[in-house]
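**Q** Take a look at this one; I'll ask things after.
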Amino acid sequence: LFGDWKKSDVALPPIPPVDYVMKPGVYVIEKQLTQTNISVGQLGIKRDNPDRYAIALMNFTLGGGSFTSRLTSKVRSDEGLAYSVGSSFNISGRDYGTFAAYAQTKTASTHRVLEIFMQEFKRIREELASQQEFETARDAYINNYVFQFDSP
C-alpha cells in the first residue's frame, strides 16, 4: 500500500516539556441525582522518579489494594458509605502520571467521604505504613509483576 513512498531525511523537532501549573480547585456539577461520583486527583511523577516504587506501594496501602486498602476499609467496610472506592497511581510515557482517589456514594454521604479522603491523605503523608501493610503491598506488587509479560 505504501511501497512507493520515499524515506524522508527530515529530522523531527523535539517536543518541549509542558510547564504544569497546579491550580487547586473544587469542581461540582450540580444534578438532581441520588448518587455522587467523587474524583480527587493531581499530577503524579515521571517514570524516572527514584521514588516510583515506594509511591506505588503507598498507593496500594491507601486505596489501590482492593479490600485491604485504608480507603476501602474506612469508607466501605467501617462506615458503609460506598460500594466502589479506591485510588490509582499511573505513570505515563515520558511525562507526568496521575494520582487519583475515587468513590461513588449517595449524595447525602458526599461530604463525609471527602472528609475521610482528606484524613487518610494526611495520615499516609504523616505516618509510616504498618509492617503488615508494607508486606501486603510489597507481596501484591511482586506477585502482579508476572502479568506484565502475559500475552493474549
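The values are calculated or read from the model by the stated rules, or taken from the named source; none is laboratory data. All of these numbers come straight from a predicted model, not from anything done at the bench. Don't worry about glycine lacking a Cβ; one is built from the backbone with ideal geometry, like all the others, and counts go over all protein chains shown.
**Q** Among the residues of region 121-141, write down those that are over 12 Å from F60 (Cα atoms) and not acidic (D, E).
**A** Of everything in region 121-141, those that are over 12 Å from F60 (Cα atoms) and not acidic (D, E) turn out to be F121, K122, R123, R125, L128, S130, Q131, Q132.
**Q** Name the residues in region 120-137 that are within 17 Å of the chain's Cα centre (by Cα), surrounded by 10 or more Cβ atoms within 10 Å (Cβ to Cβ) and not aromatic (F, W, Y), would you?
**A** Scanning region 120-137 gives E120, K122, R123, I124, A137.
**Q** Next question, about the same structure. Hey, among the residues in region 74-106 that are within 17 Å of the chain's Cα centre (by Cα) and among the polar types (S, T, N, Q), which one's farthest from G63 (Cα to Cα)? Please lay out each step first, then the result.
**A** Narrowing region 74-106 to residues within 17 Å of the chain's Cα centre (by Cα): 75, 84-93, 95-104.
From what is left, the residues that are among the polar types (S, T, N, Q) are 84, 87-88, 90, 92, 98, 104.
Details: S84: 11, S87: 4, S88: 7, N90: 13, S92: 20, T98: 14, Q104: 14 Å.
So the residue we want is S92.
**Q** Does region 23-33 include one or more residues that are within 21 Å of the chain's Cα centre (by Cα), closer than 20 Å to Y96 by Cβ and modelled with pLDDT of 90 or more?
**A** Taking every residue of region 23-33 in turn, none turns out to be within 21 Å of the chain's Cα centre (by Cα), closer than 20 Å to Y96 by Cβ and modelled with pLDDT of 90 or more.
**Q** Pairs under 6 Å by beta carbon, first residue surrounded by fewer than 15 Cβ atoms within 10 Å (Cβ to Cβ) in region 40-64, partner aliphatic (A, V, I, L, M) and assigned to a loop (DSSP other than H, G, I, E, B), six or more apart or different chains?
**A** Listed by first residue and then by second, the contacts come to R47/I91.
**Q** Let me ask something else about it. Mind listing whichever residues of region 45-91 are basic (K, R) and either within 14 Å of F117 (Cβ to Cβ) or assigned to a helix (DSSP H, G or I) (or both)?
**A** Of region 45-91, the ones basic (K, R) are 46-47, 52, 70, 74, 76.
Hits for region 45-91 are R52, R70, K74, R76.
**Q** Here's a check for you: in region 85-113, which residue that is within 17 Å of S69 (Cβ to Cβ) and among the hydrophobic types (A, V, I, L, M, F, W, C) is surrounded by the fewest Cβ atoms within 10 Å (Cβ to Cβ)?
**A** Result: A100.
**Q** Taking the criterion of being at pLDDT 90 or above, among the aromatic types (F, W, Y) and touching a helix residue (DSSP H, G or I) at 6+ places or on another chain (Cβ under 8 Å), would at least one residue in region 86-99 satisfy it?
**A** The answer is yes; a qualifying residue exists.
**Q** For region 121-152, name all the residues that are part of a helix (DSSP H, G or I), closer than 14 Å to T68 by Cα and either touching a residue at least 12 places away in the same chain (Cβ under 8 Å) or touching a His at 6+ places or on another chain (Cβ under 8 Å) (or both).
**A** E133, F134, T136, A137, R138, A140, Y141
**Q** Those residues that are surrounded by 10 or more Cβ atoms within 10 Å (Cβ to Cβ) and closer than 24 Å to T110 by Cβ, I need them from region 1-38; list them, please.
**A** L33, Q35, T36, N37, I38
**Q** Answer yes or no as to whether F117 is exposed (fewer than 15 other Cβ atoms within 10 Å of the Cβ), in a helix (DSSP H, G or I) and either out of contact with any Lys or Arg (no Cβ under 7 Å at 6 or more places or on another chain) or at pLDDT below 95 (or both).
**A** Here the answer is no, as F117 does not meet what is asked.
**Q** While we're on this one: Within region 92-111, can you find the residues that are part of a strand (DSSP E or B) and within 19 Å of I55 (Cα to Cα)?
**A** We begin by selecting, within region 92-111, every residue part of a strand (DSSP E or B); these are 98-106.
Those that are part of a strand (DSSP E or B) and within 19 Å of I55 (Cα to Cα): T98, F99, A100, A101, Y102.
**Q** Let me ask something else. I'm told D19 meets every condition in (1) modelled with pLDDT of 85 or more; (2) assigned to a loop (DSSP other than H, G, I, E, B) except one. Can you identify the failing condition by its number?
**A** (1)
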